[in-house]
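Worksheet: one structure, shown below.
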Amino acid sequence: MDNLQSAVDSLVHSSNTLFILIGAVMVLAMHAGFAFLEVGTVRQKNQVNALSKILSDFAISTLAYFFIGYWISYGVTFMQPAAVINADHGYGLVKFFFLLTFAAAIPAIISGGIAERARFVPQLCATALIVAFIYPFFEGMIWNGNFGLQAWLLERFGASFHDFAGSVVVHAMGGWLALGAVLLLGPRNGRYREGRLVAFAPSSIPFLALGSWILIVGWFGFNVMSAQTLQGVSGLVAVNSLMAMVGGTVSALIVGRNDPGFLHNGPLAGLVAICAGSDLMHPVGALITGVIAGALFVWCFTAAQVKWRIDDVLGVWPLHGLCGVWGGIACGIFGQSALGGLGGVSLISQLIGTALGVVVALAGGFAVYGTIKAFHGLRLSQEEEYYGADLSVHKIGAVSHD
(Lines give C-alpha, C1' and ligand atoms only; values in the text may rest on other atoms or scores of the structure.)
Protein backbone atom coordinates (compact mmCIF):
# COMPACT_ATOMS: atom_id res chain seq x y z
CA MET A 1 0.00 0.00 0.00
CA ASP A 2 2.86 2.38 0.77
CA ASN A 3 4.38 1.71 -2.65
CA LEU A 4 1.01 2.26 -4.31
CA GLN A 5 0.46 5.55 -2.50
CA SER A 6 3.99 6.65 -3.40
CA ALA A 7 3.34 5.87 -7.05
CA VAL A 8 0.06 7.80 -7.00
CA ASP A 9 1.71 10.79 -5.34
CA SER A 10 4.51 10.71 -7.90
CA LEU A 11 2.00 10.62 -10.75
CA VAL A 12 0.05 13.55 -9.30
CA HIS A 13 3.16 15.67 -8.82
CA SER A 14 4.56 14.85 -12.27
CA SER A 15 1.20 15.59 -13.92
CA ASN A 16 0.88 18.92 -12.13
CA THR A 17 4.44 19.82 -13.08
CA LEU A 18 3.80 19.06 -16.74
CA PHE A 19 0.47 20.92 -16.64
CA ILE A 20 1.89 24.14 -15.28
CA LEU A 21 4.99 23.84 -17.50
CA ILE A 22 2.73 23.82 -20.57
CA GLY A 23 1.02 26.92 -19.20
CA ALA A 24 4.37 28.63 -18.63
CA VAL A 25 5.45 27.93 -22.20
CA MET A 26 2.14 29.23 -23.58
CA VAL A 27 2.46 32.48 -21.63
CA LEU A 28 6.13 32.72 -22.62
CA ALA A 29 4.94 32.56 -26.23
CA MET A 30 2.62 35.50 -25.51
CA HIS A 31 5.69 37.69 -25.24
CA ALA A 32 6.18 37.18 -28.98
CA GLY A 33 2.64 38.52 -29.27
CA PHE A 34 3.55 41.60 -27.27
CA ALA A 35 6.58 42.07 -29.53
CA PHE A 36 4.76 41.80 -32.86
CA LEU A 37 1.79 43.85 -31.67
CA GLU A 38 4.25 46.66 -30.95
CA VAL A 39 6.28 46.04 -34.13
CA GLY A 40 3.15 46.39 -36.25
CA THR A 41 1.88 49.48 -34.46
CA VAL A 42 5.03 51.62 -34.31
CA ARG A 43 6.60 53.28 -37.33
CA GLN A 44 9.16 51.24 -39.25
CA LYS A 45 12.11 53.18 -37.85
CA ASN A 46 11.30 51.77 -34.37
CA GLN A 47 10.60 48.11 -35.15
CA VAL A 48 14.01 46.74 -34.13
CA ASN A 49 13.78 48.61 -30.86
CA ALA A 50 10.36 47.08 -30.13
CA LEU A 51 11.69 43.56 -30.64
CA SER A 52 14.83 44.25 -28.63
CA LYS A 53 12.92 45.74 -25.69
CA ILE A 54 10.58 42.77 -25.23
CA LEU A 55 13.36 40.17 -25.20
CA SER A 56 15.72 42.26 -23.05
CA ASP A 57 12.94 43.11 -20.60
CA PHE A 58 12.12 39.42 -20.24
CA ALA A 59 15.73 38.58 -19.40
CA ILE A 60 15.98 41.38 -16.81
CA SER A 61 12.58 40.38 -15.38
CA THR A 62 13.75 36.79 -14.92
CA LEU A 63 16.80 37.87 -12.93
CA ALA A 64 14.87 40.38 -10.82
CA TYR A 65 12.04 37.95 -10.06
CA PHE A 66 14.27 34.92 -9.40
CA PHE A 67 16.54 36.65 -6.91
CA ILE A 68 14.19 39.20 -5.30
CA GLY A 69 10.60 39.44 -6.55
CA TYR A 70 9.45 35.86 -5.99
CA TRP A 71 10.83 35.95 -2.46
CA ILE A 72 8.92 39.17 -1.71
CA SER A 73 5.68 37.71 -3.09
CA TYR A 74 5.79 34.19 -1.68
CA GLY A 75 8.68 34.01 0.77
CA VAL A 76 10.41 31.38 -1.39
CA THR A 77 14.11 31.44 -2.21
CA PHE A 78 15.98 29.17 -4.58
CA MET A 79 19.34 29.67 -2.89
CA GLN A 80 19.29 26.06 -1.70
CA PRO A 81 20.77 22.79 -3.02
CA ALA A 82 19.23 21.48 -6.24
CA ALA A 83 18.11 18.33 -4.42
CA VAL A 84 15.92 20.50 -2.17
CA ILE A 85 14.35 22.76 -4.78
CA ASN A 86 13.71 19.81 -7.12
CA ALA A 87 11.23 18.20 -4.72
CA ASP A 88 7.95 16.89 -6.17
CA HIS A 89 9.42 16.69 -9.67
CA GLY A 90 10.47 20.33 -9.48
CA TYR A 91 6.90 21.61 -9.25
CA GLY A 92 8.02 24.62 -7.20
CA LEU A 93 10.52 25.59 -9.89
CA VAL A 94 8.00 25.34 -12.69
CA LYS A 95 5.47 27.32 -10.65
CA PHE A 96 8.10 30.06 -10.45
CA PHE A 97 8.54 29.86 -14.23
CA PHE A 98 4.78 30.21 -14.74
CA LEU A 99 4.42 33.18 -12.41
CA LEU A 100 7.55 34.77 -13.87
CA THR A 101 5.84 34.96 -17.27
CA PHE A 102 3.07 36.96 -15.58
CA ALA A 103 5.57 39.28 -13.89
CA ALA A 104 7.46 39.82 -17.14
CA ALA A 105 4.22 40.84 -18.83
CA ILE A 106 4.32 44.09 -16.82
CA PRO A 107 7.33 45.64 -18.65
CA ALA A 108 6.05 44.15 -21.93
CA ILE A 109 2.82 46.09 -21.41
CA ILE A 110 4.67 49.28 -20.47
CA SER A 111 6.89 48.95 -23.54
CA GLY A 112 3.96 49.56 -25.87
CA GLY A 113 2.97 52.78 -24.13
CA ILE A 114 6.40 54.40 -24.14
CA ALA A 115 7.40 53.26 -27.62
CA GLU A 116 9.30 55.43 -30.13
CA ARG A 117 10.79 57.93 -27.67
CA ALA A 118 12.00 56.09 -24.54
CA ARG A 119 15.69 55.41 -23.96
CA PHE A 120 16.69 51.76 -23.89
CA VAL A 121 18.89 51.34 -20.78
CA PRO A 122 16.69 53.47 -18.46
CA GLN A 123 13.72 51.26 -19.40
CA LEU A 124 15.71 48.16 -18.45
CA CYS A 125 16.50 49.78 -15.09
CA ALA A 126 12.80 50.52 -14.58
CA THR A 127 11.98 46.90 -15.45
CA ALA A 128 14.36 45.64 -12.79
CA LEU A 129 12.84 47.87 -10.09
CA ILE A 130 9.23 47.13 -11.03
CA VAL A 131 9.60 43.34 -11.26
CA ALA A 132 11.79 43.12 -8.17
CA PHE A 133 9.74 45.35 -5.87
CA ILE A 134 6.56 47.11 -7.12
CA TYR A 135 4.75 44.21 -8.76
CA PRO A 136 5.69 41.56 -6.12
CA PHE A 137 4.42 43.84 -3.35
CA PHE A 138 0.89 43.82 -4.77
CA GLU A 139 1.07 40.27 -6.12
CA GLY A 140 1.98 38.89 -2.70
CA MET A 141 -0.75 40.93 -1.05
CA ILE A 142 -3.46 39.49 -3.33
CA TRP A 143 -2.26 36.01 -4.29
CA ASN A 144 -0.35 35.06 -1.15
CA GLY A 145 -2.32 36.89 1.55
CA ASN A 146 0.56 39.13 2.61
CA PHE A 147 -0.13 42.04 4.99
CA GLY A 148 -3.55 40.66 5.99
CA LEU A 149 -5.62 42.53 3.40
CA GLN A 150 -7.37 39.44 2.07
CA ALA A 151 -8.15 38.17 5.56
CA TRP A 152 -9.61 41.55 6.50
CA LEU A 153 -11.80 41.69 3.38
CA LEU A 154 -13.02 38.15 4.05
CA GLU A 155 -13.92 39.00 7.63
CA ARG A 156 -15.46 42.38 6.85
CA PHE A 157 -17.33 41.70 3.60
CA GLY A 158 -17.66 37.92 3.48
CA ALA A 159 -15.25 37.38 0.58
CA SER A 160 -11.67 38.30 -0.22
CA PHE A 161 -10.63 40.10 -3.39
CA HIS A 162 -10.93 37.63 -6.26
CA ASP A 163 -8.58 37.87 -9.22
CA PHE A 164 -8.19 34.41 -10.69
CA ALA A 165 -5.77 35.19 -13.52
CA GLY A 166 -4.76 38.79 -13.04
CA SER A 167 -7.14 41.38 -14.51
CA VAL A 168 -5.92 43.70 -11.76
CA VAL A 169 -2.77 42.02 -10.41
CA VAL A 170 -1.15 41.85 -13.86
CA HIS A 171 -3.04 43.92 -16.43
CA ALA A 172 -4.32 46.89 -14.46
CA MET A 173 -0.97 47.00 -12.69
CA GLY A 174 0.88 47.14 -16.01
CA GLY A 175 -1.51 49.66 -17.54
CA TRP A 176 -1.42 52.14 -14.67
CA LEU A 177 2.35 51.81 -14.28
CA ALA A 178 2.56 52.62 -17.99
CA LEU A 179 0.38 55.71 -17.56
CA GLY A 180 2.89 57.22 -15.15
CA ALA A 181 5.72 56.56 -17.59
CA VAL A 182 3.79 57.94 -20.57
CA LEU A 183 2.87 61.16 -18.75
CA LEU A 184 6.45 61.71 -17.62
CA LEU A 185 7.79 61.10 -21.12
CA GLY A 186 5.30 63.33 -22.91
CA PRO A 187 4.04 62.88 -26.48
CA ARG A 188 6.17 61.97 -29.48
CA ASN A 189 7.59 64.88 -31.44
CA GLY A 190 5.10 66.03 -34.06
CA ARG A 191 2.17 64.09 -32.58
CA TYR A 192 0.22 67.28 -31.88
CA ARG A 193 0.47 70.30 -34.15
CA GLU A 194 -1.50 73.50 -33.72
CA GLY A 195 -3.68 71.80 -31.16
CA ARG A 196 -4.60 68.88 -33.42
CA LEU A 197 -3.69 65.21 -33.39
CA VAL A 198 -1.43 64.10 -36.24
CA ALA A 199 -1.98 60.50 -37.27
CA PHE A 200 1.05 58.20 -37.16
CA ALA A 201 -0.04 55.19 -39.19
CA PRO A 202 0.94 51.67 -38.04
CA SER A 203 3.91 50.29 -39.96
CA SER A 204 2.42 46.84 -40.56
CA ILE A 205 -1.15 45.69 -40.03
CA PRO A 206 -0.11 42.04 -40.73
CA PHE A 207 2.46 42.17 -37.90
CA LEU A 208 -0.07 43.86 -35.63
CA ALA A 209 -2.61 41.12 -36.40
CA LEU A 210 0.01 38.39 -35.89
CA GLY A 211 0.81 39.80 -32.46
CA SER A 212 -2.87 39.86 -31.56
CA TRP A 213 -3.39 36.25 -32.63
CA ILE A 214 -0.34 35.01 -30.71
CA LEU A 215 -1.64 36.74 -27.60
CA ILE A 216 -5.15 35.32 -28.09
CA VAL A 217 -3.91 31.73 -28.33
CA GLY A 218 -1.46 32.10 -25.44
CA TRP A 219 -4.14 33.65 -23.27
CA PHE A 220 -5.83 30.28 -22.84
CA GLY A 221 -2.67 29.15 -21.08
CA PHE A 222 -2.67 32.41 -19.12
CA ASN A 223 -6.21 31.83 -17.86
CA VAL A 224 -6.84 28.07 -17.82
CA MET A 225 -3.43 27.15 -16.38
CA SER A 226 -3.88 29.69 -13.57
CA ALA A 227 -5.52 26.75 -11.77
CA GLN A 228 -1.87 25.62 -11.30
CA THR A 229 -2.89 21.97 -10.78
CA LEU A 230 -4.43 19.45 -13.14
CA GLN A 231 -7.21 18.65 -10.70
CA GLY A 232 -8.19 22.32 -10.54
CA VAL A 233 -8.54 22.79 -14.31
CA SER A 234 -11.94 24.03 -15.44
CA GLY A 235 -13.62 24.09 -18.83
CA LEU A 236 -15.63 27.05 -17.56
CA VAL A 237 -12.48 29.18 -17.59
CA ALA A 238 -11.76 28.23 -21.20
CA VAL A 239 -15.26 28.93 -22.50
CA ASN A 240 -15.57 32.16 -20.52
CA SER A 241 -12.27 33.31 -22.01
CA LEU A 242 -13.55 32.43 -25.47
CA MET A 243 -16.84 34.29 -25.00
CA ALA A 244 -15.15 37.40 -23.61
CA MET A 245 -12.68 37.38 -26.48
CA VAL A 246 -15.47 37.14 -29.04
CA GLY A 247 -17.51 39.83 -27.26
CA GLY A 248 -14.55 42.21 -27.28
CA THR A 249 -13.91 41.53 -30.96
CA VAL A 250 -17.49 42.20 -32.07
CA SER A 251 -17.93 45.39 -30.03
CA ALA A 252 -14.55 46.80 -31.14
CA LEU A 253 -15.45 46.01 -34.74
CA ILE A 254 -18.74 47.90 -34.46
CA VAL A 255 -17.69 50.80 -32.24
CA GLY A 256 -14.34 51.11 -34.01
CA ARG A 257 -16.06 51.23 -37.42
CA ASN A 258 -14.04 48.42 -39.02
CA ASP A 259 -10.67 49.93 -38.05
CA PRO A 260 -8.19 46.98 -38.04
CA GLY A 261 -6.22 48.39 -35.12
CA PHE A 262 -9.31 48.48 -32.93
CA LEU A 263 -10.51 45.15 -34.31
CA HIS A 264 -7.35 43.30 -33.33
CA ASN A 265 -7.16 44.93 -29.90
CA GLY A 266 -10.83 44.22 -29.14
CA PRO A 267 -10.30 40.53 -28.33
CA LEU A 268 -7.39 41.47 -26.08
CA ALA A 269 -9.61 43.92 -24.20
CA GLY A 270 -12.15 41.17 -23.60
CA LEU A 271 -9.46 38.75 -22.45
CA VAL A 272 -7.96 41.32 -20.07
CA ALA A 273 -11.36 41.88 -18.49
CA ILE A 274 -12.28 38.21 -18.09
CA CYS A 275 -9.08 37.18 -16.27
CA ALA A 276 -10.40 38.04 -12.80
CA GLY A 277 -13.73 36.22 -12.93
CA SER A 278 -13.18 33.57 -15.59
CA ASP A 279 -13.55 30.79 -13.02
CA LEU A 280 -16.83 32.18 -11.61
CA MET A 281 -18.96 33.73 -14.34
CA HIS A 282 -21.60 32.19 -16.56
CA PRO A 283 -20.52 32.35 -20.25
CA VAL A 284 -23.22 34.94 -20.97
CA GLY A 285 -21.80 37.12 -18.20
CA ALA A 286 -18.36 36.65 -19.75
CA LEU A 287 -19.73 37.69 -23.15
CA ILE A 288 -21.21 40.88 -21.69
CA THR A 289 -17.93 41.58 -19.89
CA GLY A 290 -16.06 41.28 -23.18
CA VAL A 291 -18.53 43.43 -25.11
CA ILE A 292 -18.19 46.26 -22.59
CA ALA A 293 -14.40 45.91 -22.54
CA GLY A 294 -14.08 46.13 -26.32
CA ALA A 295 -16.19 49.28 -26.48
CA LEU A 296 -14.43 50.75 -23.45
CA PHE A 297 -11.07 50.34 -25.16
CA VAL A 298 -12.16 52.09 -28.35
CA TRP A 299 -13.80 55.00 -26.55
CA CYS A 300 -10.99 55.54 -24.04
CA PHE A 301 -8.18 55.11 -26.56
CA THR A 302 -9.78 57.75 -28.77
CA ALA A 303 -10.41 60.10 -25.86
CA ALA A 304 -6.89 59.68 -24.49
CA GLN A 305 -5.26 60.44 -27.83
CA VAL A 306 -7.57 63.22 -29.06
CA LYS A 307 -9.05 64.96 -26.01
CA TRP A 308 -6.57 64.31 -23.21
CA ARG A 309 -3.45 64.26 -25.42
CA ILE A 310 -1.98 61.21 -23.76
CA ASP A 311 0.34 59.74 -26.40
CA ASP A 312 0.08 56.10 -25.36
CA VAL A 313 1.29 54.45 -28.57
CA LEU A 314 -0.39 51.05 -28.25
CA GLY A 315 -3.15 52.23 -25.94
CA VAL A 316 -1.89 50.09 -23.06
CA TRP A 317 -3.55 52.26 -20.42
CA PRO A 318 -7.07 51.87 -21.85
CA LEU A 319 -6.45 48.26 -22.90
CA HIS A 320 -4.77 46.90 -19.79
CA GLY A 321 -5.31 49.63 -17.21
CA LEU A 322 -8.98 50.49 -17.71
CA CYS A 323 -10.16 47.11 -19.02
CA GLY A 324 -8.28 45.47 -16.13
CA VAL A 325 -10.18 47.70 -13.70
CA TRP A 326 -13.44 46.78 -15.43
CA GLY A 327 -12.49 43.11 -15.10
CA GLY A 328 -12.00 43.38 -11.36
CA ILE A 329 -15.40 45.07 -10.99
CA ALA A 330 -17.15 42.75 -13.47
CA CYS A 331 -16.02 39.77 -11.40
CA GLY A 332 -17.94 41.20 -8.45
CA ILE A 333 -21.04 41.66 -10.62
CA PHE A 334 -21.29 38.65 -12.92
CA GLY A 335 -19.64 36.29 -10.44
CA GLN A 336 -22.72 36.56 -8.20
CA SER A 337 -24.95 33.48 -8.11
CA ALA A 338 -27.97 35.72 -8.78
CA LEU A 339 -26.52 36.44 -12.23
CA GLY A 340 -25.63 32.83 -13.00
CA GLY A 341 -22.15 32.83 -11.49
CA LEU A 342 -20.73 30.50 -8.88
CA GLY A 343 -20.91 33.11 -6.10
CA GLY A 344 -18.51 33.56 -3.22
CA VAL A 345 -17.48 37.03 -4.32
CA SER A 346 -18.15 40.49 -2.88
CA LEU A 347 -18.55 43.57 -5.07
CA ILE A 348 -17.25 45.79 -2.27
CA SER A 349 -14.12 43.65 -1.91
CA GLN A 350 -13.65 43.82 -5.67
CA LEU A 351 -13.92 47.60 -5.63
CA ILE A 352 -11.44 47.94 -2.76
CA GLY A 353 -8.92 45.51 -4.24
CA THR A 354 -9.15 47.07 -7.69
CA ALA A 355 -8.75 50.61 -6.35
CA LEU A 356 -5.75 49.55 -4.28
CA GLY A 357 -4.12 48.04 -7.37
CA VAL A 358 -4.56 51.31 -9.25
CA VAL A 359 -3.06 53.34 -6.39
CA VAL A 360 -0.05 51.04 -5.99
CA ALA A 361 0.62 50.98 -9.74
CA LEU A 362 0.20 54.70 -10.35
CA ALA A 363 2.32 55.62 -7.34
CA GLY A 364 4.93 53.04 -8.30
CA GLY A 365 5.04 54.25 -11.91
CA PHE A 366 5.61 57.87 -10.95
CA ALA A 367 8.16 56.87 -8.30
CA VAL A 368 10.25 54.60 -10.55
CA TYR A 369 10.11 56.60 -13.76
CA GLY A 370 10.23 59.94 -11.96
CA THR A 371 13.41 58.94 -10.14
CA ILE A 372 15.06 57.66 -13.33
CA LYS A 373 14.02 60.80 -15.20
CA ALA A 374 15.54 63.00 -12.51
CA PHE A 375 18.87 61.20 -12.31
CA HIS A 376 19.43 59.67 -15.73
CA GLY A 377 16.79 60.87 -18.17
CA LEU A 378 14.06 58.83 -19.87
CA ARG A 379 13.77 60.20 -23.36
CA LEU A 380 15.72 60.05 -26.58
CA SER A 381 17.06 63.34 -27.89
CA GLN A 382 15.06 65.12 -30.55
CA GLU A 383 17.55 64.04 -33.21
CA GLU A 384 17.55 60.41 -32.04
CA GLU A 385 13.77 60.32 -32.06
CA TYR A 386 13.70 61.83 -35.55
CA TYR A 387 15.97 59.14 -36.98
CA GLY A 388 14.25 56.44 -34.93
CA ALA A 389 15.33 54.21 -32.08
CA ASP A 390 16.48 51.49 -34.48
CA LEU A 391 19.38 53.51 -35.87
CA SER A 392 19.92 55.65 -32.77
CA VAL A 393 20.09 52.78 -30.27
CA HIS A 394 20.72 49.57 -32.22
CA LYS A 395 22.57 50.95 -35.27
CA ILE A 396 20.53 48.94 -37.74
CA GLY A 397 17.17 49.22 -39.45
CA ALA A 398 14.42 46.61 -39.59
CA VAL A 399 14.59 46.22 -43.37
CA SER A 400 17.51 46.28 -45.78
CA HIS A 401 16.77 47.82 -49.16
CA ASP A 402 19.93 46.48 -50.81
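Tell me, which helices (runs of 4 or more DSSP H) lie completely within segment 223-317 with 1 or more residues that are out of contact with any helix residue (DSSP H, G or I) (no Cβ under 8 Å at 6 or more places or on another chain) and within 24 Å of TYR192 (Cβ to Cβ)?
283-306
In the list ALA103, ALA118, ALA159, ALA128, which residue meets the criterion of being among the small types (Gly, Ala, Ser), closer than 29 Å to ASP279 by Cβ, at pLDDT 95 or above and under 24 Å from the mean Cα position of the chain (by Cα)?
ALA103
Taking segment 1-34 as the region of interest, how many residues are open to solvent by less than 10 Å² (accessible area, probe 1.4 Å) and either touching a strand residue (DSSP E or B) at 6+ places or on another chain (Cβ under 9 Å) or under 24 Å from LEU319 (Cβ atoms) (or both)?
Total satisfying the criteria: 5.
Being in contact (Cβ under 8 Å) with a residue 60 or more places away in the chain and either over 16 Å from the mean Cα position of the chain (by Cα) or closer than 29 Å to LYS373 by Cα (or both) is true for just one of GLY92, GLY113. Which residue is that?
Unique residue meeting the criteria: GLY113.
Hey, can you tell me all the residues within segment 75-100 that are modelled with pLDDT under 95, open to solvent by 20 Å² or more (accessible area, probe 1.4 Å) and on the phi > 0 side of the Ramachandran plot?
If the condition is that a residue be modelled with pLDDT under 95, open to solvent by 20 Å² or more (accessible area, probe 1.4 Å) and on the phi > 0 side of the Ramachandran plot, then ASP88, HIS89 are the ones that fit.
Taking the criterion of being within 25 Å of GLY40 (Cα to Cα) and either modelled with pLDDT under 95 or assigned to a helix (DSSP H, G or I) (or both), would at least one residue in segment 324-332 satisfy it?
yes
Sort out which residues of segment 380-398 are without any contact (Cβ under 8 Å) to a residue 12 or more places away in the chain, farther than 19 Å from SER111 by Cβ and surrounded by 12 or more Cβ atoms within 10 Å (Cβ to Cβ), and write them in order of number.
Scanning segment 380-398 gives a single hit, SER381.
On the basis of being closer than 25 Å to GLY40 by Cα, open to solvent by 50 Å² or more (accessible area, probe 1.4 Å), among the β-branched types (Val, Ile, Thr) and modelled with pLDDT of 95 or more, does VAL246 make the cut?
For VAL246, the condition - closer than 25 Å to GLY40 by Cα, open to solvent by 50 Å² or more (accessible area, probe 1.4 Å), among the β-branched types (Val, Ile, Thr) and modelled with pLDDT of 95 or more - is met.
Give ALA199, ALA209, ALA227, ALA238 a once-over and let me know the one that is open to solvent by 50 Å² or more (accessible area, probe 1.4 Å) and either closer than 28 Å to LEU287 by Cβ or free of Cβ contacts under 8 Å to residues at least 40 places away in the same chain (or both).
None of the others qualify; the one that does is ALA199.
So, PHE161, is that one among the aromatic types (Phe, Trp, Tyr), open to solvent by less than 60 Å² (accessible area, probe 1.4 Å) and in contact with a helix residue (DSSP H, G or I) (Cβ under 9 Å, 6 or more places away or on another chain) or not?
So PHE161 passes the test.
Has segment 37-48 got at least one residue that is touching a helix residue (DSSP H, G or I) at 6+ places or on another chain (Cβ under 8 Å), surrounded by fewer than 24 Cβ atoms within 10 Å (Cβ to Cβ), under 17 Å from LEU100 (Cα atoms) and modelled with pLDDT of 95 or more?
no
Determine whether segment 351-371 contains at least one residue that is of a type in the set (Val, Ile, Thr), in contact with a Cys (Cβ under 8 Å, 6 or more places away or on another chain), open to solvent by 10 Å² or more (accessible area, probe 1.4 Å) and in contact (Cβ under 8 Å) with a residue 60 or more places away in the chain.
Looking for residues that are of a type in the set (Val, Ile, Thr), in contact with a Cys (Cβ under 8 Å, 6 or more places away or on another chain), open to solvent by 10 Å² or more (accessible area, probe 1.4 Å) and in contact (Cβ under 8 Å) with a residue 60 or more places away in the chain, one finds none in segment 351-371, hence no.
Of the conditions (1) outside any loop (DSSP other than H, G, I, E, B); (2) of a type in the set (S, T, N, Q); (3) under 14 Å from ALA132 (Cα atoms), THR17 satisfies every one except a single condition; which number is it?
Only one criterion is unmet by THR17, namely (3).
Do any residues in segment 263-291 that are without any contact (Cβ under 8 Å) to a residue 24 or more places away in the chain have Cβ atoms under 7 Å from those of residues that are part of a helix (DSSP H, G or I) and open to solvent by less than 30 Å² (accessible area, probe 1.4 Å), where the two are at least six apart or on different chains, and which pairs are they?
Hits for this filter: LEU263/ALA252.
The values are calculated or read from the model by the stated rules, or taken from the named source; none is laboratory data. Owing to the predicted nature of the structure, the values given are computational and were not obtained by experimental measurement. Glycine gets a Cβ as well: all are built from the backbone with ideal geometry, and neighbour counts include every protein chain shown. Note: accessible area is taken over every heavy atom of the protein model, side chains too, but ligands, DNA and RNA are not part of it. Shrake-Rupley method; radii C 1.70, N 1.55, O 1.52, S 1.80 Å.
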